[in-house]
Amino acid sequence: MGGYSKRINSWAGFAGTKEPGFCVICGRFGELTRDHVPPRGCAQIANAVLSRLTMGAPGEGQPRNTIYIQGGLKFQTQCATCNNERLGLHFDPELKHFVDGMHVGMQAVARNVVLPRIIRLEANLHLVARSIIGHVLAAHSANDTQIWRQDIGASESLRQYFLHPDRAFPEEWRLYCWPYLSRKQVILRHASWMDVSLSSPAQKTVYGHVLKFLPFGFWLVHNQPMEFVIDALDITPRGAPDAARETCSFDLRLAPHHLYPENPSGHRLMLFANEQSSVATPDAKTRTSKR
Ligand SMILES: [Zn+2]
């Protein structure tokens, strides 16, 4: 296995370290548990090829720049309380409800039961947002848990929101969601997008994190300028923290391309670190061998 494969293996938490570390969410030092990203029950990939967003050229002692994974992508970066209680018991079930509703809606559309192609779902968006935030924060280098890093990027307010159920969603962030119809699972953290067509430099750029798995793409966007258009549904929770479920409407005809937003075109550019990205693709060999 080449050096690159070893690095991606270790980064993804598959190295199986028994070392205690700092939980990437609550900061507590101790034994760390493995978090599935996307969460178990919301998405399944039994066998997949894991790669970075940009493959780069092989060579320099790197025979492969992908690895095979079984049972989905896991990150050993969270304490049991954050992983099993906060996420597993409180937040993930609502995300699963949201995801299951979309699957049912898409099946109805495919059978032509629903016309026009609009799917309406009800969800407690605070719980959905906290679930997404928890898994995005968890998708972190396992090696980096050996030291505590205060305020990584602009994620500190997301971390605090996740930990404190009485808090409002942080004002400087927004959460977007759209129908995503590819089986590739994408994690992209700490990336920036620029729209060079906008006039003011301060209005050109957004920063954030993307998590995509069938049937949804999610994009956490920081300090979005008014003129920076995002082609997705704004599901930012703005109600009271104990708000009831809200209705979200998705028009499948308006779903963006499956490479959105990590493959910008036209006036858009993207700036990202390859090490903050991962793409899990269902194993093509397994699928073709069945034909
Ligand atoms: Zn924790």
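The values are calculated or read from the model by the stated rules, or taken from the named source; none is laboratory data. None of the values given here were measured: they were computed from a predicted structure. Note: ideal-geometry Cβ built from the backbone for every residue, glycine included; neighbour counts use all protein chains shown. SASA here: full protein model, heavy atoms, side chains in, ligands and nucleic acids out. Shrake-Rupley method; radii C 1.70, N 1.55, O 1.52, S 1.80 Å.
Key figures for this structure:
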{"quantity": "Sequence-separation-based contact order of the range 3-289, relative, with Cα cut under 8 Å and 6+ spacing, percent", "calculated": "23 percent"}
{"quantity": "Cα-projected label distance for ALA168 with ILE118, points at 7 Å along beta-carbon direction, nm", "calculated": "2.9 nm"}
{"quantity": "The chain: C-alpha gyration tensor shape, a/c 1.5 cut-off, then a/b vs b/c", "calculated": "rounded"}
{"quantity": "Heavy-atom SASA rank of ASP166, ASP100, ASP251 (probe 1.4 Å, accessible area, largest first)", "calculated": "ASP166, ASP100, ASP251"}
{"quantity": "Using a Förster distance of 35 Å, the FRET efficiency for LEU259-PHE29 (Cβ separation, nearest 0.05)", "calculated": "0.35"}
{"quantity": "Spatially close lysines, pair count over the chain: Cα under 16 Å, gap of eight or more or interchain", "calculated": "7"}
{"quantity": "Other-chain or far-sequence residues with amide H under 5 Å of ALA191's (modelled H)", "calculated": "GLY208"}
{"quantity": "Extension gain (nm, one decimal) between LEU269 and LEU89, 0.36 nm per residue minus Cα-Cα", "calculated": "61.0 nm"}
{"quantity": "Mean Cα-pair separation over length for the range 188-291, i.e. relative contact order, pairs under 8 Å, 6 or more apart, %", "calculated": "33 percent"}
{"quantity": "Heavy atoms of GLU172: accessible area, 1.4 Å probe, square angstrom to 10", "calculated": "70 Å²"}
{"quantity": "The range 201-259 - percent of accessible surface contributed by carbon and sulfur, probe 1.4 Å", "calculated": "56 percent"}
{"quantity": "Trypsin sites (Lys or Arg not before Pro) within the range 88-192, DSSP loop, no more than 14 other Cβ atoms inside 10 Å", "calculated": "ARG111, ARG149, ARG167"}
{"quantity": "Cα gyration tensor, the range 64-121 - rounded (a/c under 1.5), prolate or oblate", "calculated": "oblate"}
{"quantity": "Two-site FRET efficiency, ASP100 against LEU233, from Cβ-Cβ distance with R₀ of 22 Å, rounded to 0.05", "calculated": "0.80"}
{"quantity": "Per residue solvent-accessible surface (Å²) - the chain, probe of 1.4 Å", "calculated": "48 Å²"}
{"quantity": "Estimated distance in nm for a label pair at GLN146 and ALA244, the labels positioned 7 Å out from Cα along Cα-to-Cβ", "calculated": "5.2 nm"}
